[in-house]
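Chemist: This is the structure I want to talk about, given as structure tokens.
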Amino acid sequence: MSEESAAGVTRDARQDYLARWPTGAKLFLILSIALLPLALIAVFATLRVTQIADTELRSHLRVAAAESSRSISIELVGDMTALRVALDALSLDPGNAPSCARVQGVFAQQAVSGAEFAIVDARGRVICGRQVAGAREMRAEPAVSGTAARFIANRGLALRVSGDDRGLSGIAYFPKKFLSKIGQPSGFSSEYGATLVDDDDRLTLVPLARERTLERREAIREDLGIADLALEMQVRSAPIGSPLILALALPLLMWAAAAAIAWFVVDRLLIAPLRSLRSSIAAYAPGDEPDMTLYRALPAQELRDLGDTFRALSRTVAVHEAGLAEGLVRQTKLTREVHHRVKNNLQVISSLINFHARGAKSPEASQAYNSIQRRVDALAVVHRYHFAEMEENRGVSMRSVCGELASNLRATAPEHMHIGIGLEIDPLYVTQDVAVPVAFLITELVELAMTCDAAAQLRITLRAAPEPDRALLRISSRALIDNDCLRDGLKNRFGRVIEGLTRQLRSTLQHDPMTGVYEVKIITIDSD
């Protein structure tokens, strides 16, 4: 099979499969496919609006984080620069009181908020300022060039700058309250969180509590330019809550609801009434009166019109059925009348033949009349059984015909003849066109046997043949064995008649001259 043929077969199979779907299922599928793009567009629009809101929020957060980090960086860099200047001056002259006074002036404003500083020597003695929180931890760390940072017990930030080889160092402490105050962005109304980050260490300046489990946040990190410190700011974005879930699910729910409602409406207004109307039509029988309450209850006017049309059609059918029934009654009466006339005519003919036979002046004439009467009786038997079986339309019963025919042949045989007829007949039925030549054929062969043997004994059998709708008729007798009488009878009297009857049966008559058997196949129509 070629690829095109295989594709055609697959396409036809798919079309047949879809054609078997209920109309409601097809409608639901079509509406689902048609409305799904609209639902997806609505979902995409909702997601896009959410993304735009997140982008706008991230932009505001970036501006606020830059402002906060710049404010904190300026403050810390300025303070630590003043501390380094004083540290350098004291490294050259430990008694340089003006340098210490200047740095104290710089930290005077921050001191109100808890900020402190100290310049200590190698043994930890305070040269300038006063002892600050975290000074011991900062001095325990190895000296590094530049500025070092350390978070003190989640309370604040300590910064350290180192001096020359004499071991002087400057330490400044900034509480987180002070840092959060100077890092507060201006004009930023959203609730935010701020955290200082130093590698893996974190100092929370402004906490941002988590309000729900599926809370979404936007975060921005800005470097301060001091040590490895960075400021991380967070704000809450649009949460994954009921409004967002509803906004995303509502288009899909509307899509499913629209398809389901459309299917429900069509099923209730069209499909279900059509099924009810179809059931009513399927249950209709000629003579029934359609239920008008069912048709009036149909929801659609078109369906009610269809019900009225069927009701009018049923009335027309009922009228025609009544006419056909009346015609059938008349036809049956006429057929019975014809049957009675034919039967009476055959009886009249038989009576006339019998009358002339009794008045015959020679035995040969009387025998001729009897022979004619036997053929008339054979025709009468077939006619009677054909009419008896006509109303059941089963054909002519060969068992009944052969039985009565054999009785008539024995009864009408001359007194000096003592013939015997044995029957083995299966319950088979044939048409009248087959029954008449079979009855005449049996009569002719019995007559032939009686002519050759006054005490002829015959056996007539009828059995179903192996072929369908065929039967084998077999007539056997010693009187039918080949002899001069048989040949003379076939040549001068019976041969042409038997040959003509065989042609009517559309078959071939087989004769076995050694056993005296005649066989012919006939057509049957039914059997018990």
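Chemist: Between ILE421 and residues 5 or more places away or on another chain, which pairs have amide H atoms under 5 Å apart, with H built 1.01 Å from N, and which residues are they?
Modeler: LEU458
Chemist: Per residue of the stretch 100-105, what does 6.51 cos²θ - 1.76 cosθ + 1.60 with θ = phi - 60° give for ³J(HN,Hα)? Whole Hz please, x for Gly and Pro, Karplus curve as stated.
Modeler: Using θ = phi - 60°, the values come out as 5, 5, 5, 5, 5, x Hz.
Chemist: How would PHE310, PHE440 line up by accessible area, probe 1.4 Å, largest first?
Modeler: PHE440, PHE310
Chemist: So what J values fall out for the stretch 481-493 if you push phi through Karplus, 6.51 cos²θ - 1.76 cosθ + 1.60 with θ = phi - 60°, rounded to Hz, Gly and Pro as x?
Modeler: Running phi through 6.51 cos²θ - 1.76 cosθ + 1.60 with θ = phi - 60° gives 5, 4, 7, 4, 5, 5, 5, 5, x, 5, 6, 9, 9 Hz.
Chemist: If I ignore ligands, DNA and RNA and count only protein heavy atoms, how much of SER113 is accessible to a 1.4 Å probe, in Å² to the nearest 10?
Modeler: Taking all protein chains as shown, SER113 has close to 50 Å².
Chemist: On to the next question. Based on DSSP, what percent of beta bridges with both residues in the stretch 422-481 are antiparallel, to the nearest 5?
Modeler: 65 percent
Chemist: For the stretch 173-184, take each phi angle, set θ = phi - 60°, evaluate the Karplus expression 6.51 cos²θ - 1.76 cosθ + 1.60, and give the result in whole Hz per residue in order, putting x for glycine and proline.
Modeler: Whole-Hz 3J(HN,Hα) from phi for the stretch 173-184: 10, 10, x, 5, 5, 5, 5, 5, 5, 6, x, 6.
Chemist: Of GLU519, GLU444, which has the most accessible area with a 1.4 Å probe, and how do the rest follow in descending order?
Modeler: My answer, sorted largest first, is GLU519, GLU444.
Chemist: Sticking with this structure for a sec: Order of 498-504, 147-153 by packing, highest average Cβ count within 10 Å first?
Modeler: Per-residue Cβ counts within 10 Å, averaged per peptide and sorted highest first, yield 147-153, 498-504.
Chemist: Please report the accessible area of TYR429 (heavy atoms, 1.4 Å probe, ligands and nucleic acids excluded) in Å², nearest 10.
Modeler: 10 Å²
Chemist: If you don't mind, another one. Under 5 Å between amide H atoms, partner at least 5 residues away or on a different chain: which partners does ALA465 have, H built in plane at 1.01 Å?
Modeler: HN-HN under 5 Å from ALA465: ARG470, ALA471, LEU472.
Chemist: Sticking with this structure for a sec: Count charges around THR147 for me, please; just the other residues with Cβ under 9 Å from its Cβ, Lys/Arg as +1, Asp/Glu as -1.
Modeler: +2
Chemist: For ARG336, ARG160, write out the residues from largest to smallest accessible area, computed with a 1.4 angstrom probe and no ligands counted.
Modeler: Reading off the accessible areas and sorting them downward yields ARG336, ARG160.
Chemist: Please report, as a whole percent, how much of the solvent-accessible surface of the stretch 424-528 comes from carbon and sulfur atoms (probe radius 1.4 Å).
Modeler: Reported share for carbon and sulfur atoms: 48 percent.
The values are calculated or read from the model by the stated rules, or taken from the named source; none is laboratory data. Keep in mind the model is a prediction, meaning the values are calculated, not measured. Reconstructed Cβ throughout: ideal geometry from the backbone, glycine too, with neighbour counts over all protein chains shown. Surface accessibility is based on the protein's heavy atoms, side chains included, excluding ligands, DNA and RNA. Shrake-Rupley method; radii C 1.70, N 1.55, O 1.52, S 1.80 Å.
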